[in-house]
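The values are calculated or read from the model by the stated rules, or taken from the named source; none is laboratory data. Every value quoted in this text rests on a predicted model; they were computed, and no experiment measured them. Methodologically, a virtual Cβ is constructed for each residue, glycine included, from the backbone with ideal geometry; neighbour enumeration extends over all protein chains shown.
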Amino acid sequence: MKILYALQGTGNGHLARAQKMLPILENFGELDVFVSGSNSQLSLKNYNYKQHKGLSLFYNQMGRVSYKKILKENNFKSFWKEVNDYPIEKYDLIINDFEPITAHAARKKRKEIIGLSHQASLLFEETPKVKNKAGEIIIKYYAPSSKNYGFHFEQYNDSIFLPIIRDKIRNLNPKEKDYNLVYLPSYHPKEIVEKLSVIKDSNWKVFSPFVEHSVKQFNVEIYPIDERLFIKALENCSGVLCGAGFELPAESLFLKKKLFVIPIKGQYEQLCNCEALKQIGVAFSYDLNLEKIQRWADSFKIIEKDFPDQSYEIAKKIFL
């Protein structure tokens, strides 16, 4: 069997999930990997793949989606050429983690395609969501699939699985040292330091795509994105302040770290995630709210969540 696993390279969550799923999928046939999107800092070692430009989201460094930059930086003509040219017909099974080129190629050539992504969970009625018609349309048509399996913080539907926690995280021995980890890539570090430097009795390790060298300002240390250093900081932090993406909040809950999320403004998926996290008791705000972050930093509230490894169960459901 010839299998295609296609994934979105915008953000790190899709590649983090692939690190766990790819070795399992290899057991079922000859596997090809396709990645599109340009905003991830992770890689898939041991797998040959070409990074396609695809379509990516961009932000304005103030915590908001930049639609102007999305229109400027994405080449829609090139995207549709790749859709038309991609040899999707040579695959017996296509698994798609919210990747638009192969999804539209399969739809055009009437090939069955399995959606396996966090975004797919938002297609089910039971999943917590915010009302946003444009966001709902994007989730439905950005990377359309014939059949969908989703991932979420709760199993809201029989076709929704709990988060895939990669082995690098499962094998950690978490401790609680005197600092909080920060990952808010849609904010410039200057904005983050301005806020966090006045939070009383606190220390912060910020990982940012906007810096090339580490620097310390007041009680805030800023680091460039480095997966090894980031995982080490995650293992030993007291709490995690991050966007309302999916993988990092899931990993933080799994490691029993106290968690505070700030969804990217205008990003439908993150707003829905924030709604789901709010329902299970996770602290949140819609901006860098000093009062709320100070209250969270002083607290000891940890949300207890257990995410057993369902990766083989997922593979069986796809193949059997």
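Okay, here's what the table says:
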| read-out | value |
| --- | --- |
| Test: Ile137 is out of contact with any strand residue (DSSP E or B) (no Cβ under 9 Å at 6 or more places or on another chain) and without any contact (Cβ under 8 Å) to a residue 40 or more places away in the chain | yes |
| Test: residue in the stretch 122-130 that is at pLDDT below 95 and either buried (at least 22 other Cβ atoms within 10 Å of the Cβ) or part of a strand (DSSP E or B) (or both) | no |
| Residue in the stretch 83-91 that is outside any loop (DSSP other than H, G, I, E, B), assigned by TED's automatic domain parsing to the domain that holds Gln51 and within 23 Å of Leu162 (Cβ to Cβ) present | no |
| Helices (runs of 4 or more DSSP H) enclosed by the stretch 206-307 - at least 2 residues per element that are closer than 30 Å to Leu123 by Cβ and of a type in the set (A, V, I, L, M) | 247-254, 268-279 |
| Condition check for Phe151: on the phi > 0 side of the Ramachandran plot, in contact (Cβ under 8 Å) with a residue 40 or more places away in the chain and surrounded by 14 or more Cβ atoms within 10 Å (Cβ to Cβ) | no |
| Any chance Tyr223 is aromatic (Phe, Trp, Tyr) and either within 17 Å of the chain's Cα centre (by Cα) or surrounded by fewer than 17 Cβ atoms within 10 Å (Cβ to Cβ) (or both) | no |
| Which numbered condition Ile138 misses (of (1) aliphatic (A, V, I, L, M); (2) more than 27 Å from Leu277 (Cα to Cα); (3) out of contact with any Lys or Arg (no Cβ under 7 Å at 6 or more places or on another chain)) | (2) |
